[in-house]
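For reference, the structure is listed below as structure tokens.
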Amino acid sequence: MKNTLSLMWKMKWVAVATLFIEMLILLPAYFVLFRFGEKSLAVNLAVTPVGSSEHITLLIDAISNNPAFVYGILVLVLALPLLFLSKMALAAGTMASAQQQELKLSLWLSNAGRNLFPALGLFLRWLIIPIVLCGLAAVAMSFTDGTVKKVFIAVLVIAWLFSLSWFSFALNFTVAREKKALIRGFGVLRKNINRFAVTAAIFVAIGGFIKLMDFSYFSANSASETGLGFAIAGALMLGLATRLLILFWQTSHVEGWRKVTS
Amino acid sequence: MQALQRIVLLIGVLCTSSAMASALRMPGPHTDRVHHTHIKATLDAEKHRVDATMTLRWRNTTDVTLNEIPFHLYLNAFSRTDTIFMKESNGGRLRGDSREGDDQDKFGYVQVTSVNNANGDDVSQRWMTDGDVATYTLAQPLMPNEEVTLNIAFTSQLPKVFARSGHNGDTFNFVAQWFPKPGVFYKGKWVNHNYHANTEFFSDFGNYDVEITLPSDYLVGATGYLVKKESQESLTTHYFQAEDVHDFVWTADSKFSEATAEWNGITIRLLHQTPLSEKSIQNQFDAAKASFKWFDEKVGAYPYSTMTLVQPPENAGGAGGMEYPTLVTTITDLDYSEYMHAAAMVTIHEIGHNYWQGIFASNEFEESWMDEGINSYTEGRIMSETFGQENILQFAQFSVDMPTMHHVRTAQTPTLDPVKTHGWKYVSRAGYSTNSYSKPATILNTVERVWGKDKVDQLLKAYYKRWAFKHPATQDFIAIAKEIDPSMARYLNDAITTIKNIDFEVKSAVSGKKQVAGGYTFNDDGSDPSFSKPEKGEGFVHQVTLVRNGELHPPQVDVLLTFEDGSTETRQWQADDTIPWTKWHWESDKKLVEVMIDPEFKVLLDKDFSNNTKRVAKQGNQSWRWAISLLQNIQHAFSIALPL
């Protein structure tokens, strides 16, 4: 864990840069929805706090009478594939740089570009794993009720995390240009099962906490006295916390891979 | 008067509990009791078929001489694919359920096999069936206050249920609209419409004595009160009695379980599927009690001694969410889960129908809003005032209350028909649905917010006092409103009987520095005019143009003016019937930054609230809030779900 945190600290600017790139990709969606809000959803937060029945009324009436919201969502939907591809490339670049224990922005971006298609190929092959594992858990869940159903919901989450961990270990082989990445990734996962348990537990706990903070941020943002400065700072801090958590996941899988293969 | 009513109720409750049980909690008769219907029915549980004989004593309570009596044969709506009902419901798709294929057991019918008069003479030739209605031509004219007796034998084959009546292919039988039912001579003519996809029912009050014979392992629920049970070999006969009701329905299932509760002399019985948690059962009883409590306080007493709640099995969802006198069906998922509020809401809704349809018995064919609409309004009030569930949707800080839901549905449906339209004449199913449920609820929510809740309470109470058990029509409701507040009645009349709309809009709002006039000034002494430059003075000049699109406006509406320093001022706009706009021009020492019509969202009939606000100055710290929060949440959820 110490090595993971040390590696993570070395790679800290990756989190900042990724956040910045993601924000740039989503900027058009922010802009269009903001314009829609300015033009069609003129709300007086003292009268219609965000989330109140009155606010929802305004929102739905504005959507019904002005297509700008639909355009905003459309922009978001169109941005999502680009966001996904960028995330995939940058994750592969991060893995490659972490394996080299060296962070240079130009090298990181170069690794990202070089590894995009191999990583994408791995992702498409990997998809079968969560489909089978999570599918089985989902089927079991649909046939059960009460406490047993809750157990299967937990199994579903674990199956997803297990699949993600499998992918992350396999991605190490892909960016190292080694063959049979999925099979070998599973081998590394098998030998790192304790690491997986600890990493997944930390990831779920902190991820859950960040989502809770997201809701608190939403509440604070909805108050009419909240200022723009707080909103921007809050958004950046929560965004950065999310990126650091993902970086933790990625570096933990690089360390796990290194331990087995070196 | 209310005290007297309570004393009568107390005596009734005491009598019924101490002496003998009865179908009525308040001693009757409450109605004209147009008919007395005695039915002996036997269920063939395998074939889901009921063989029955019915003795109908029908009294002419009108002031005209009648030559015929029309009847409904509702089950015949399910007999073929070319009935009005089937065609209008797109081959049998209704209320979220649909006919499951074309096999014989998916169809149903009611067939009258013999008709005899009081002497036992065969009068079948006087009986003419035409699909789902029939006419009996009287042997001699029936004078006012005279009575006719008919003995009718009939067979009712239940269809596989998808719309209210039927079986589930197993042990569940829901036997509704199953016997030949006389039409209603109403306002000088017979009302005996066909069974339409969009209409429910309308019939006269009377008394029922019904004997139901079926396998002994079946639990039975029915309208009214169970007088006794008699068993013979493997069959049991259940004797039910119902007084002052306009319909009789029953259900039987060998898989039912039963729970009971009491509320102020009303026995509430739940026939449910198993297993069902104690919490879910209690949730149902709580919902029922909340309804009775609210109606008792706000409208009037429930006159009957029983209420049966029926939970249909999962494969008979089409029977769910329906009301009959003293018996209602809930939804199939009653389990104490995310559906618990929906389950309670359905029960509250259906029990409400026992007032707006069960007790008032308005003409649902032609004025469905009087039942569904008023009920949708009171359902929202019961949920928030007595049951403690104001919101129908609550996620994190997002909430949607019932008035909002009804507003949204109303605003999104084009206003092409008046609310008061015959059920089958609306432009579409959505038109029927909105005009029967959400729009009248929105009208009443608007009345409540503009004229005050007290006036609505007065209206409902007076409506009960004057029109309970009397088949009221729209104008009867409006006439009572007129006695309470003529402007409220005018508004109700326009909203219900016309397609008038309302959409308030802030057309423009301008606020700028006051100008000190400048230019040439002519002098009295004939010298050259002096010149001074126009200058900006102290204070601000504001000009606001407000428009009402549509004629359906209340007498006045509030307008909230917000100034740069955060201070506000509320003015009233007395909307003019002839000029649909107003322009305000005034000066003050503060800059105006925002104008908002109806800031308290009182006029929920407003088609679009989003144009009710206009900003004079851009205030960037407003609209970004939800956009940034929304996108941030989406982005983080995406990132955490797939850590790339």
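Of note:
- Shape class for segment A:109-187, computed from the alpha carbon gyration tensor (a ≥ b ≥ c): prolate, with a/c not under 1.5 and a/b above b/c.
- Measuring nothing but how far apart in sequence close Cα pairs (under 8 Å, 6+ apart) lie, relative to its length, segment B:10-139 scores a relative contact order of 21 percent.
- Qualifying aspartates and glutamates (Cα of each under 15 Å from Cα of A:K12; at least 8 residues distant if same chain): A:E102
- Within segment B:217-287, GluC sites (Glu not before Pro) in DSSP loop having at most 14 other beta-carbon neighbours inside 10 Å: B:E233
- Protein heavy-atom accessible area occluded, B/A pair - total, 1.4 Å probe, Å²: 5400
- The residues of the protein assembly as shown expose, per residue, 42 Å² of accessible area to a 1.4 Å probe.
- Sparse packing (at most 16 other Cβ atoms within 10 Å of the Cβ) combined with a DSSP loop state is found for the following trypsin sites (Lys or Arg not before Pro) in segment B:244-315: B:K255.
- Over 32 Å between alpha carbons, listed pairs B:K40/B:K293; A:K149/B:K293; A:K87/A:K259: B:K40/B:K293; A:K149/B:K293
- Over 21 Å apart at the Cα level, from the set B:K420/B:K482; B:K289/B:K602; B:K536/B:K614; B:K533/B:K614; B:K187/B:K470, are B:K289/B:K602; B:K536/B:K614; B:K533/B:K614.
- Spatial separation of Cα centroids for segment A:161-192 and segment A:95-153, in angstrom: 10
- Hz values of 3J(HN,Hα) by residue in segment A:42-53 - Karplus curve (6.51, -1.76, 1.60), Gly and Pro given as x: 6, 9, 9, 5, 5, 9, 10, x, 4, x, 6, 4
- Gyration tensor (alpha-carbon) shape descriptor, the protein assembly as shown, a/c threshold 1.5: oblate
- Taking B:W424, B:W584 and ordering them by how much accessible surface each has at a 1.4 Å probe, largest first, produces B:W424, B:W584.
- Rounded if a/c under 1.5, otherwise prolate or oblate - chain B, Cα gyration tensor axes: prolate
- Alpha carbon centroid spacing (whole Å) that separates segment A:11-40 from segment B:161-185: 59
- With all protein chains modelled, accessible area of A:F117 [1.4 Å, Å²]: 150
- Chain B - percent relative contact order, Cα under 8 Å, separation 6 or more: 10
- For segment A:185-226, a reduction of at least 30 Å² in accessible area between the chain on its own and the assembled protein chains (probe 1.4 Å) is found at A:F203, A:K211, A:D214, A:F215, A:Y217, A:F218, A:N221.
- Under-5 Å amide H pairs with B:K507, H placed in peptide plane, nonlocal only: B:T545, B:L546, B:V547
- Using the Cβ-Cβ distance between B:V541 and B:S487 with R0 set to 30 Å, the FRET efficiency works out to roughly 0.30.
- Estimated distance in nm for a label pair at B:E233 and A:V157, the labels positioned 7 Å out from Cα along Cα-to-Cβ: 6.1
- Estimated 222 nm signal from helices in the protein assembly as shown, with DSSP H stretches of n ≥ 4 weighted -39500 (n - 2.57), rounded to 500: -14000 deg cm²/dmol
- Measuring between their Cα centroids, segment B:78-142 and segment B:388-419 lie 38 Å from each other.
- Cα gyration tensor of segment B:34-255 - equivalent ellipsoid semi-axes, whole Å, descending: 28, 23, 15
- Area of B:D454 that stays accessible when all protein chains are in place (1.4 Å probe, Å², to 10): 110
- For segment A:1-106, trypsin sites (Lys or Arg not before Pro) are listed when DSSP marks them as loop and at most 13 other Cβ atoms sit within 10 Å of their Cβ; the list is A:K104.
- The alpha-carbon of B:K507 sits under 13 angstrom from the alpha-carbons of these aspartates and glutamates, leaving out residues fewer than 8 places away in its chain: B:E594.
- Couplings 3J(HN,Hα) of segment B:216-225, computed from phi: 5, 7, 8, 8, 10, x, 7, 4, x, 10 Hz, in residue order, whole Hz [Karplus 6.51 cos²θ - 1.76 cosθ + 1.60, θ = phi - 60°; x for Gly and Pro].
- For segment A:2-261, the convex hull drawn through the C-alpha positions has a volume of 160 cubic angstrom per residue.
- The alpha-carbon of B:K255 sits under 18 angstrom from the alpha-carbons of these aspartates and glutamates, leaving out residues fewer than 8 places away in its chain: B:D44, B:E46, B:D170, B:D217, B:E278, B:E314, B:D333, B:D335.
- Within the shell of other residues whose beta carbon sits under 14 angstrom from the beta carbon of B:L560, the net charge comes to -2, with Lys and Arg scored +1 and Asp and Glu -1.
The values are calculated or read from the model by the stated rules, or taken from the named source; none is laboratory data. It should be emphasised that the depicted structure is a prediction, and the values quoted were computed from it without experimental measurement. Cβ coordinates were reconstructed from backbone atoms using ideal geometry, including for glycine residues, and neighbour counts include every protein chain displayed. Only protein heavy atoms, including side chains, enter the accessible area calculation; ligands, DNA and RNA are left aside. Shrake-Rupley method; radii C 1.70, N 1.55, O 1.52, S 1.80 Å.
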